[in-house]
1. Which one of S382, S372 is at pLDDT 95 or above, loosely packed, with under 15 Cβ neighbours inside 10 Å, under 20 Å from the mean Cα position of the chain (by Cα) and not hydrophobic (A, V, I, L, M, F, W, C)?
2. I'm trying to understand the selection: among the residues of segment 237-285, which are under 21 Å from R317 (Cα atoms) and aromatic (F, W, Y)?
3. Where the second residue is of a type in the set (K, R) and modelled with pLDDT of 95 or more and the first is outside the structural domain of G365 (by TED's automatic domain parsing) and lies in segment 29-51, which pairs have Cβ atoms under 7 Å and are six or more apart or on separate chains?
4. Based on this model, can you work out whether T58 counts as of a type in the set (S, T, N, Q) and over 14 Å from the mean Cα position of the chain (by Cα)?
5. Taking segment 352-399, which residues are touching a helix residue (DSSP H, G or I) at 6+ places or on another chain (Cβ under 7 Å) and polar (S, T, N, Q)?
6. Within segment 199-234, can you find the residues that are more than 16 Å from the ligand (Cβ to nearest atom) and aliphatic (A, V, I, L, M)?
7. Can you tell which of I353, I346 is under 23 Å from L15 (Cβ atoms) and modelled with pLDDT of 95 or more?
8. Of the numbered conditions (1) crowded, with 18+ Cβ neighbours inside 10 Å; (2) more than 16 Å from the ligand (Cβ to nearest atom); (3) over 23 Å from S372 (Cβ atoms), V328 fails exactly one; give the number of that condition.
Amino acid sequence: MRKIYPELGYRNGELYFENVPLRKIAENTGTPVYVYSRGALEYWFNEFDSAFSDIPHTTCFAVKSNSNVHVLKVLKELGAGADTVSVGEIFRALTAGIDPKKIVFAGVGKREDELLFALEKGILMVNVESEGELRTLERVAEKLRRRAPFAIRVNPDVNPKTHPYISTGLKEAKFGITFEKAFELYRYAKESRWLEPVGIHFHIGSQITDTAVFGEAAKKVADFVKELRSIGAEIEFFDVGGGLGINYKPEEEVVPAEKLSEEITPVVKKLGCHLILEPGRRISGNAGVLITKVLYVKKRENKVFYVVDAGMNDIARPALYGAYHHIVSLTERESETVVADVVGPICETGDVIAKERELPILREGDYIAVLSAGAYGFTMASNYNSRPRPAEVLVEGENFRVIRQRETLSDLIAREF
Ligand code: LLP
């Protein structure tokens, strides 16, 4: 097998996930289709989780990156918890059988009913992002006559050196609370009958490849935990968020999770805390691809457009962030290439999956795979242009199964009565 990513590569000229040729899936389920590999999910989860084996920890998979219940089940079997940002994500995690005591709940705008649901289910902690939210949480806890375990999401003000849309740890971002304010809130909570400070949380951004920034943030937050302990606030859980990057270009090296651990583990060990991690992309990103079919090859002057059957509604990242997704043909092609734009069917100029990309010469009806699509792929898909969302498929060894059916035309209008 000529490997591209773990479990993905060419065998006899055909692209495989594990032991299944992707063409077979495309022909069986139609396109566009998201395909995930159990083996790859396991590989990435274990690569990450084992890097922290020296310290008590819980790897809470960021459900926003891939929320399919069957994907969550695979990760649950490996011992994963869940990092959630809505009642919907908590519901999915619980449906997958994830232990509530391994679920954390973040987000700047939690509604009262969401907090109620979370407390009723007995999740590990609510990651609080504002003073107002802490008061709401207290009220909800009182209503339930049950103490609310929480962490405050602090904003350590470090620059993760990543795309501005996914940088969250700078002080101008809407996320988190300053150390000064957080200190006040922990002090308040200590006196409250209904609030139970159990942890501290930060998340500085996403697709971060310079692991030193995690160390920088962790040290700042660890100093803060020491201050909190001096006023008697017991902080057991030290939640470092997610954000470890992947290699969107297969030829580039991936940063080992070990490097992240080297930054974080010593800091957290010294505090004697239980470490919580919230990786999303790192686990699901390179465990999934989007298969799409070339509908038309359009030539104009010196430009070639491959018009494919997946649009920005199916995969939003290129249009939204100008993100790079590597593209390969499902059948290995001759070495001759052409520079082309890969565009979708949506009525927007921005509906481009790849711009001026050197690609093999493709014909109408050929299939291509958009790589690194397992994270923020399907979860960000929409019905824009009234397009039913794609199917999702899970590969397991020699087998594959549909884990979410392609939406139908009647699904589109099902709620419009
Ligand atoms: N924890 C918190 C509090 C988060 O806000 C996020 C991501 C994560 C964990 C997981 O981050 P990860 O390990 O996946 O980098 N749609 C964007 C990414 C947005 C990330 C938002 N928060 C993209 O497609 O690049």
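1. Residue meeting the stated conditions: S382.
2. Within segment 237-285, Y248 is the sole residue that qualifies.
3. W44/R282; F48/R282
4. Values: of a type in the set (S, T, N, Q): yes; over 14 Å from the mean Cα position of the chain (by Cα): yes.
Taking the combined requirement at face value, the residue satisfies it.
5. S372, T379, N383, S386
6. Once the filter is applied, which keeps residues that are more than 16 Å from the ligand (Cβ to nearest atom) and aliphatic (A, V, I, L, M), segment 199-234 yields A212, A222, V225, L228, I231, A233.
7. Numbers: I346 fails: under 23 Å from L15 (Cβ atoms).
Residue meeting the stated conditions: I353.
8. Failed condition: (3).
The values are calculated or read from the model by the stated rules, or taken from the named source; none is laboratory data. Note that this is a predicted model, so its numbers are computed, not measured. Glycine gets a Cβ as well: all are built from the backbone with ideal geometry, and neighbour counts include every protein chain shown.
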